Amino acid sequence: MIDRRSFLGSAAACIAIPNAGHSASNLLRAAPGTQQIAPDRFDPTDLWVFDGAMPGRSLRARQGDRLSITVENALPDPTSVHWHGLRIDNAMDGVPGLTQEAIAPGDRFDYDFALPDAGTYWYHSHAQSVQQVERGLYGPLIVEEAEGAPDIDQDLTLMLDDIRLTETAQVSDDFGNFHDNSHAGRFGNVWLVNGQMEPKYAVQRGQRLRLRLISAANARVFQLGLSGMSGHLVALDGMPLSEPALIQDTFSLAPAQRADLIVDVTTDEAEAFLISFERDGGYAMASFPVSGAKQALRPPPAALPANPDFPIDLKSARTATLLMEGGAMGGMRSARLNGTQLDIRDLAQRGKFWAFNGTVGDMKAYGRDTPLIDVAQGESVRIGLANDTAFAHAMHLHGMHFSEVLADGSLGPLRDTLLMQRGETREIAFNAHNPGDWLFHCHILGHHASGMGTWLRVT
Ligand SMILES: [Cu+2]
């Protein structure tokens, strides 16, 4: 494995790989590609990418538009694309076995959907995702506000990832190994922002930046902080906060989560930083060379304009519970797989380590014939979640955003991915406004692949 410090010591050797940016083309091609991730003394890394780069090209549209994208599969394996966080037509959600058949090598699939919400979203492979997302099949999807966009000087999308490279800077091909899947998932040894090690973004003193942070990591929960910039958190998982929240400390970003920040460049130093805190200290994930004269402080930003609201009625809500079990150091003795009760050793032999409500796997293919809950469109739903495992999980609901029901009975901010720490019990609620069969799964990709998924039905 590559030693990270040796990388950091030669960070100046990084090659900037520009994103393709805005393009009129509606063809998105998934294909093998190469990219210089490691310093120049290493070979380029073989990846699987959308439109030739990791991240894939930034898809930008305006709230209220439709997006029409034809995905062409030039990979050796079947694939699909999930448009993460969009309140999308179910048939366009990109989940093989639930909303579509996987796109076979050489085939195409036409995605076409409305964009009701402004915000920071992303797209990624939803087939063999432990492998395909790790190899690079992801990109940003930015929906600009129809009106009331914030007054900023730079709008920067930063896709965070950690990738596991071998000593020859190739993607380690131990995808979905039993140790990763039964523990905390696949962690990388090289930290990336927009496919580069510590990329640099030039800024001016006093500039106001919108930082759109997106985690494309398989499993790592980033603990992030800012140096030389200060400001507010204005949106989570694409959805505006009703009030901007002052950033006073570090904050976490779990797999698939997004955070929109509006920050001002306040430092007197020559550089500002986005920092990832790890056990042994803080490391620069991206740096921001600063120039220009000192500027007066600006007033705090206003809240972003709200997206369409689907009110939650806690009193009349239908309820369900989800018991999360399994994994290493967990207490699970047995679970159902394909209709058969198997003990933990038999499950492990089949590469399955986790269960929801006693059943392994997310869909009918695993014998989960019935949804977690079956509700009418417009009903409110409350789901109690109990994490009876020794690991954290990032629970992602497709098709709708939810709020956490907080201890005092109030509702937290809208999210599509909730980080559940070990041993925690939490409750979420949402208005089931979007008809279809929707996946609800752990976004630690190895956990999903080895059992942590279910689905729910809205009719
Ligand atoms: Cu998990």
Only one of (1) surrounded by fewer than 22 Cβ atoms within 10 Å (Cβ to Cβ); (2) modelled with pLDDT of 95 or more is not met by Met229, so which one is it?
(1)
Every pair of residues 6+ apart whose Cβ atoms lie under 6 Å, when the first sits in region 312-326 and is under 11 Å from Gly384 (Cα atoms) and open to solvent by 20 Å² or more (accessible area, probe 1.4 Å) while the second is within 16 Å of the ligand (Cβ to nearest atom) and not basic (Lys, Arg)
Leu323/Asn357; Leu323/Ala386
Would you confirm whether any residue within region 99-113 is under 20 Å from the mean Cα position of the chain (by Cα), within 19 Å of Pro32 (Cβ to Cβ) and open to solvent by less than 50 Å² (accessible area, probe 1.4 Å)?
no
Have a look at Ala259, Ala284, Ala302, Ala245 and point out the one that is at pLDDT 95 or above, under 28 Å from Tyr121 (Cα atoms) and open to solvent by less than 20 Å² (accessible area, probe 1.4 Å).
Ala259
Pairs where the first residue, in region 200-218, is under 18 Å from Ser276 (Cβ atoms) and the second is aromatic (Phe, Trp, Tyr), C-beta under 8 Å, 6+ apart:
Lys200/Phe288; Tyr201/Phe288; Ile214/Trp122; Ser215/Phe222; Ala216/Trp122; Ala216/Tyr138; Asn218/Phe187
Enumerate the pairs (first residue in region 429-456 and closer than 14 Å to Ala219 by Cα and open to solvent by less than 10 Å² (accessible area, probe 1.4 Å); second residue anywhere and of a type in the set (Val, Ile, Thr) and within 13 Å of the ligand (Cβ to nearest atom)) with beta-carbon separation below 6 Å, excluding pairs fewer than 6 apart on the same chain, so at least 6 apart or on different chains.
His443/Thr417; Leu445/Val130; Gly446/Val130
Leu342 open to solvent by 30 Å² or more (accessible area, probe 1.4 Å) and on the phi < 0 side of the Ramachandran plot
no
Scan of region 228-279 for residues that are within 23 Å of the chain's Cα centre (by Cα), among the β-branched types (Val, Ile, Thr) and more than 24 Å from Gly188 (Cα to Cα), ordered by number
Val234, Ile247, Ile262, Val263
Condition first: out of contact with any Leu (no Cβ under 8 Å at 6 or more places or on another chain) and more than 9 Å from the ligand (Cβ to nearest atom). Now tell me which residues in region 433-444 satisfy that.
His433, Asn434, Pro435, Gly436
Contact list, first residue from region 375-394 and over 18 Å from His441 (Cα atoms), second anywhere and within 16 Å of the ligand (Cβ to nearest atom), beta-carbon distance below 6 Å, six or more apart or interchain, is none
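The values are calculated or read from the model by the stated rules, or taken from the named source; none is laboratory data. Bear in mind that the values here come from a model prediction, so they are computed numbers and not experimental data. No Cβ is skipped: glycine too gets one built from the backbone with ideal geometry, and neighbour counts run over all protein chains shown. These area figures cover heavy atoms from the full protein model, side chains too; ligands, DNA and RNA do not enter into them. Shrake-Rupley method; radii C 1.70, N 1.55, O 1.52, S 1.80 Å.
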